[in-house]
Amino acid sequence: MFARLSISLVAGTVATFALLWIMQILIATGQKAIQDTKDFKFVDFVRVERQETLETKKPKPKKPPEPDKPPPDMPPPDLDNIDPNAGSINIAPVNVNANVSIGGIGGFDNVDGEYLPIVKVAPIYPRRAQARGLSGYCILTFTVTKLGTVTDVKVDECSSSLFERASVNAALKFKYKPRVVNGEPIDVPGVKHRISFEIED
């Protein structure tokens, strides 16, 4: 019994030392493998297309050959052969002594009659209204003076305030034949006029 125990102790001790010795060898060789570091380098290849432009020289055009002789001079017209008695056209003088005088104040005769429009100026379309595509009208009241001009322009009704100034400015440029009563021109207040603003397609 004692012999088996001693043999097992000796065998265990030998096996233990053998294992320790093998582990020591493995540790020594493995530490060197860990410490050896290898550097790896990666190289990327990027292919870039080369843009090449070929410049080709165009041949210069050849100069045209110089003329051997200059062109001949044009002969002067022969005026001696013109017949003065050839066919001619007789044009009678125009009578310009027309009577264009008109009497009265403002160039009108002193004949009784109502006022009549002579010149009506179209209004300038407001830019803001034109940009918005607005159409409309304005009704004005003004006085036709004895000289045929327009004064005291007032806006009675307007579809949009954008048309008021353009309507007043246009009305001030109107010209009328004044009203004549008993041979004398007079002022006519309260004349109404409608101005329309329409955008043409």
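Any read-out appearing in this document is the output of simple, stated calculations on the displayed coordinates, not a laboratory observation. The shown structure was predicted, so the numbers you read here are calculated from the model rather than taken from an experiment.
Taking a ≥ b ≥ c as the square roots of the eigenvalues of the alpha-carbon gyration tensor, the range 109-201 is classed prolate because a/c is 1.5 or more and a/b outweighs b/c. On full extension, the segment bounded by ALA28 and ALA3 gains 5.2 nm, given 0.36 nm per residue less the C-alpha separation.
Note the full-extension length gain between PHE17 and LYS175 as 0.36 nm times their separation in residues minus their Cα-Cα distance, in nm to one decimal. Display every interim value, and only then the final one.
Values: separation 158, 0.36 × 158 = 56.88 nm, distance 13.59 nm.
Result: 43.3 nm gained on full extension.
Fully extending the segment from LYS146 to LYS62 would add 22.1 nm, taking 0.36 nm per residue of separation and subtracting the current Cα-Cα distance. Derived scalar couplings between HN and Hα for the range 128-134 equal 5, 5, 5, 5, 8, x, 8 Hz in order, rounded to whole Hz, by the Karplus curve 6.51 cos²θ - 1.76 cosθ + 1.60 (θ = phi - 60°), x for Gly and Pro.
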